[in-house]
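Notes follow the structure.
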Amino acid sequence: MRDQLEPLAGQQPAVPVQRHPPPDGRPRLAERLAYLDGAARRINSALDLKATLRNLGRVLVPELADALVVLVRDPLPDVERDLGRPRALRVLHTCGTRLGRRGGLRPVEPGSVLERALERRAPHGPTVLDGDGRRGGLPAELLGARALGRLPEGTALLALPLHGRQAALGMLLLIRRPAADGRPASFDPADTATAAHLATLAGLAVDTALRYTREWEIADELQRSMLPAELPQPHGVRLAHRYLPGERGAQVGGDWYDSIPLPGNRVALIAGDVMGHSLTSAAVMGQLRTSAQTLAGLDLPPHEVLYHLDEQAQRLGREHHLATCVYAVYDPIAGRVVIANAGHVPPVLVGPDGTSELLDLPPGAPIGVGGVDFTSVELAAPPGSALLLFTDGLVETRRRPLGIGLELLRARLEGAHRLTPEQLCQEALRILPPGDRADDIALLAAAFDGIPASDVAYWYLQPRHETPGRARRLAGHALHNWGLDHLRENCELMVSELVTNAIRHATRPVTLRLVRTSRLRCEVGDDSAALPRTRRAGPEEERGRGLQIVARCADRWGATRLGAGKVVWFEQRL
């Protein structure tokens, strides 16, 4: 290889250069083969485009050239499609030179020397600059005439096309400066052949990196599309979330979070992680998240939700991915939270006094194992406390064990009770060390405000004929005490209709609850699982108009199954 140029400062060649090879040339051939073997492995060692170009620079400089400029098609192509003719090249990487400003565009004119060079697979040159050599030609199109003019006479330039599997992707420009004694630089035939071979490998590596980047972006977009863009903000709790994808070199994972409003102003909080990193992991995550939403709508206890999620995961097939999950239900009126865990990292609970603790929950087995019982644990969650659910990417890194990361997080959140949920997420992310994150991260923070008992009215009513009238009087009295007499007429009418429907099917006492927040919410519960549906009543029918009245008078209304019964509710703006 080179025998007239010293390596640049701070850069050592991968293989020592023989300055005076023996006449038979065999040691020089062995050296070149060893260099090519090491170079091929290094060029193909990364899937990220920038890392691939960095490795290419380390292979070529200073072993084959003093400097390197890499230009790639702009915009970056989708190599899965027909690329067509290139319209411009952009400088994406330089090594050993300040020529060719990164990001600089070089137009590819039809019929130009540059377009013809891109179509060929053979090297262009080498070219040695003299008084006339800097006026035009391929080097001037790649570097620009001004940059080319700063190179001394005797500089040797070798241009090589980067070809992918279907089309040309860009160009390499190798630069050798003249020797210290003024002798012009050159690329001998062996150097040119070596550079051409490495350019072929580099073109395929760039093609692979572009394909992988495209697949990663599709998988990441798929995963993000299956995560909630915004969380509902139920009364009595404030929520915030964060999702950070893993490094570009890591495949997409299956981390997710969710928040689901439940009857009685309660809210379900979920964080989960499908084991493995692949497009399949993201797809399984979407299926499990949808299943969790459906199960939450049935208002099952947390351990029952995890049990049915486990069954669902097993129905996906024996080759499915396991998943961990923590499922919590917060009741702002009772000031309690019920949590069940399926092999997930423990949540952090921050008390109203600022103390933080990792919740010691029965760990359970990951979802998909099958045949494992899950346990729900009920804990106090008074106003002023907060809960952080997260996935293991936050606390476990390549160089930090899980146990140390959990303790770091707990200590970081000590005294964080006055933070908003957004600030709580930001504070948790501060434990991440720079440049040491391969896994994706999902966070769900909940600040518990609660709903005061003075804003809640609750009654049990026997299913009798006189019950609707009693329910109207109780509701009207509560609204009067709250200073909401302007809502009284419509509210009493709707309460009467819902209680009338409830006692028609109930065998046990009917429940009536009014909750005052930024809205007035009324809930009527009974032990019949049949959900009411609006229907068009005929002119002679006496029944079938109650829900139409509710739908007309209320801002929102609905019905939800609750255990073995149901709750029908409506809301009015204050």
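How many of the residues in region 263-303 are open to solvent by 40 Å² or more (accessible area, probe 1.4 Å), over 23 Å from P234 (Cα atoms) and touching a strand residue (DSSP E or B) at 6+ places or on another chain (Cβ under 9 Å)? Lay out the reasoning, then the answer.
Pass one, region 263-303, residues open to solvent by 40 Å² or more (accessible area, probe 1.4 Å): 266, 275, 277, 279-280, 283, 287, 290, 293-294, 298, 300-301, 303.
Checking which are over 23 Å from P234 (Cα atoms) leaves us with 275, 277, 279-280, 283, 287.
If we keep only those that are touching a strand residue (DSSP E or B) at 6+ places or on another chain (Cβ under 9 Å) as well, we get 275, 277, 280, 283.
Of the residues in that region, 4 qualify.
Tell me which residues, restricted to region 436-456, are surrounded by fewer than 18 Cβ atoms within 10 Å (Cβ to Cβ) and in contact with a Pro (Cβ under 8 Å, 6 or more places away or on another chain).
Passing the criteria: only D449.
I'd like to know if region 366-386 contains one or more residues that are assigned to a helix (DSSP H, G or I), at pLDDT below 95 and of a type outside the set (G, A, S). It would help to see each step written out before you state the result.
In the first step, residues of region 366-386 are kept if they are assigned to a helix (DSSP H, G or I); the result is none.
Scanning region 366-386 turns up no residue that is assigned to a helix (DSSP H, G or I), at pLDDT below 95 and of a type outside the set (G, A, S).
Looking at region 404-419, which of its residues are assigned to a helix (DSSP H, G or I) and open to solvent by 50 Å² or more (accessible area, probe 1.4 Å)?
First, the residues of region 404-419 that are assigned to a helix (DSSP H, G or I): 404-412, 416-418.
Of everything in region 404-419, those that are assigned to a helix (DSSP H, G or I) and open to solvent by 50 Å² or more (accessible area, probe 1.4 Å) turn out to be I404, E407, L408, R410, A411, R412, R418.
What do you reckon, is L227 of a type outside the set (D, E) and under 24 Å from G104 (Cα atoms)?
Considered against the rule, which asks whether it is of a type outside the set (D, E) and under 24 Å from G104 (Cα atoms), L227 comes out as no.
If I filter region 518-567 down to residues being β-branched (V, I, T) and under 37 Å from the mean Cα position of the chain (by Cα), which single residue comes out as modelled with the highest pLDDT? Step through it out loud before you land on a result.
If we filter region 518-567 for residues that are β-branched (V, I, T), which is where we start, we get 524, 534, 549-550, 560, 567.
Within this subset, residues satisfying the condition of being under 37 Å from the mean Cα position of the chain (by Cα) are 560, 567.
Numbers: T560: 82, V567: 88.
Filtering first and then ranking leaves V567.
Just the residues that are open to solvent by less than 40 Å² (accessible area, probe 1.4 Å), assigned to a loop (DSSP other than H, G, I, E, B) and over 30 Å from R315 (Cβ atoms), please, taken from region 339-354. Steps first, answer last, please.
We begin by selecting, within region 339-354, every residue open to solvent by less than 40 Å² (accessible area, probe 1.4 Å); these are 339-351, 354.
Now restrict to residues that are assigned to a loop (DSSP other than H, G, I, E, B): 343-347, 351, 354.
Selection gives G351, G354.
Looking at the structure I just gave you, is T97 among the hydroxyl-bearing types (S, T, Y) and in contact (Cβ under 8 Å) with a residue 40 or more places away in the chain? Lay out the reasoning, then the answer.
Numbers: among the hydroxyl-bearing types (S, T, Y): yes; in contact (Cβ under 8 Å) with a residue 40 or more places away in the chain: yes.
Judged against the criteria, T97 is a match.
Restricting attention to region 457-473, report how many residues are surrounded by 18 or more Cβ atoms within 10 Å (Cβ to Cβ) and either under 47 Å from the mean Cα position of the chain (by Cα) or among the aliphatic types (A, V, I, L, M) (or both).
Going through region 457-473, the residues surrounded by 18 or more Cβ atoms within 10 Å (Cβ to Cβ) turn out to be 457, 461, 467-468, 471-472.
Filter once more, so that each one left must be either under 47 Å from the mean Cα position of the chain (by Cα) or among the aliphatic types (A, V, I, L, M) (or both): 457, 461, 471.
Here the count works out to 3.
Determine the pairs where a residue that is more than 14 Å from M285 (Cα to Cα), located within region 220-248, has a partner that is of a type in the set (D, E) and open to solvent by less than 50 Å² (accessible area, probe 1.4 Å) with Cβ atoms under 6 Å apart, the partner being 6 or more residues away or on another chain.
Filtered contacts from region 220-248: P245/D220; P245/D440; G246/D439; G246/D440; R248/D48.
Here are some residues: A438, A453, A340. Which one is of a type outside the set (F, W, Y) and modelled with pLDDT of 95 or more?
Details: A438 fails: modelled with pLDDT of 95 or more; A453 fails: modelled with pLDDT of 95 or more.
The conditions single out A340.
I'd like to verify a number: residues in region 367-399 that are over 20 Å from V338 (Cβ atoms), in contact (Cβ under 8 Å) with a residue 12 or more places away in the chain and open to solvent by 30 Å² or more (accessible area, probe 1.4 Å), how many? Even if it seems obvious, please write down each step before you answer.
Quick first cut of region 367-399, residues over 20 Å from V338 (Cβ atoms) only: 368-371, 391-399.
If we keep only those that are in contact (Cβ under 8 Å) with a residue 12 or more places away in the chain too, we end up with 368-370, 391-399.
Remaining after also requiring open to solvent by 30 Å² or more (accessible area, probe 1.4 Å): 369, 392, 396, 398-399.
So the answer is 5.
In region 170-188, how many residues are hydrophobic (A, V, I, L, M, F, W, C) and open to solvent by 60 Å² or more (accessible area, probe 1.4 Å)?
The first filter runs over region 170-188 and keeps only residues hydrophobic (A, V, I, L, M, F, W, C), leaving 171-175, 179-180, 185, 187.
Add one more test, that the residue is open to solvent by 60 Å² or more (accessible area, probe 1.4 Å), and what stays is 180.
Total satisfying the criteria: 1.
Touching a Gly at 6+ places or on another chain (Cβ under 7 Å), assigned to a helix (DSSP H, G or I), of a type in the set (D, E) and open to solvent by less than 40 Å² (accessible area, probe 1.4 Å): does that describe D191?
Values: touching a Gly at 6+ places or on another chain (Cβ under 7 Å): no; assigned to a helix (DSSP H, G or I): yes; of a type in the set (D, E): yes; open to solvent by less than 40 Å² (accessible area, probe 1.4 Å): yes.
So D191 fails the test.
Tally time: how many residues in region 477-519 are surrounded by fewer than 16 Cβ atoms within 10 Å (Cβ to Cβ) and basic (K, R)?
Summing the residues that are surrounded by fewer than 16 Cβ atoms within 10 Å (Cβ to Cβ) and basic (K, R) in region 477-519 gives 3.
Scan region 420-435 and give yes if some residue there is closer than 24 Å to I333 by Cβ and surrounded by fewer than 17 Cβ atoms within 10 Å (Cβ to Cβ), otherwise no. Give the steps one after another, and end with the answer.
To start, the set of residues in region 420-435 that are closer than 24 Å to I333 by Cβ comprises 420-421, 424.
Next, only the ones that are surrounded by fewer than 17 Cβ atoms within 10 Å (Cβ to Cβ) stay: 420.
Yes, region 420-435 has at least one match.
Yes or no: A323 without any contact (Cβ under 8 Å) to a residue 40 or more places away in the chain and in contact with a helix residue (DSSP H, G or I) (Cβ under 8 Å, 6 or more places away or on another chain)?
Working: without any contact (Cβ under 8 Å) to a residue 40 or more places away in the chain: no; in contact with a helix residue (DSSP H, G or I) (Cβ under 8 Å, 6 or more places away or on another chain): yes.
So A323 fails the test.
Return only the number of the condition from (1) modelled with pLDDT of 90 or more; (2) touching a strand residue (DSSP E or B) at 6+ places or on another chain (Cβ under 6 Å); (3) surrounded by fewer than 24 Cβ atoms within 10 Å (Cβ to Cβ); (4) over 26 Å from D455 (Cα atoms) that I260 does not satisfy.
Only one criterion in (1) modelled with pLDDT of 90 or more; (2) touching a strand residue (DSSP E or B) at 6+ places or on another chain (Cβ under 6 Å); (3) surrounded by fewer than 24 Cβ atoms within 10 Å (Cβ to Cβ); (4) over 26 Å from D455 (Cα atoms) is unmet by I260, namely (4).
Is at least one residue of region 355-364 part of a loop (DSSP other than H, G, I, E, B) and among the acidic types (D, E)? Give the steps one after another, and end with the answer.
Start the filter on region 355-364 by keeping residues that are part of a loop (DSSP other than H, G, I, E, B), which leaves 355, 359-364.
Still in the list and also among the acidic types (D, E): 360.
Yes, some residue in region 355-364 is part of a loop (DSSP other than H, G, I, E, B) and among the acidic types (D, E).
Checking R399 against (1) in a loop (DSSP other than H, G, I, E, B); (2) under 19 Å from the mean Cα position of the chain (by Cα); (3) not β-branched (V, I, T), which test does it fail?
(2)
Condition (residue is crowded, with 18+ Cβ neighbours inside 10 Å and under 30 Å from S291 (Cβ atoms)) applied to region 198-218: is it met by at least one residue?
Yes; the residues of region 198-218 include at least one that is crowded, with 18+ Cβ neighbours inside 10 Å and under 30 Å from S291 (Cβ atoms).
Of the residues that sit in region 277-318 and are in a loop (DSSP other than H, G, I, E, B) and under 24 Å from the mean Cα position of the chain (by Cα), which one is nearest to D392 (Cα to Cα)?
Taking the candidates together, the pick is H277.
The values are calculated or read from the model by the stated rules, or taken from the named source; none is laboratory data. Just so it is clear, the structure is predicted and the values come from calculations on it, not from any experiment. Cβ sites come from the backbone with ideal geometry, for glycine too, and all protein chains shown count toward neighbours. Side chains included, ligands, DNA and RNA excluded: accessible areas come from the protein's heavy atoms. Shrake-Rupley method; radii C 1.70, N 1.55, O 1.52, S 1.80 Å.
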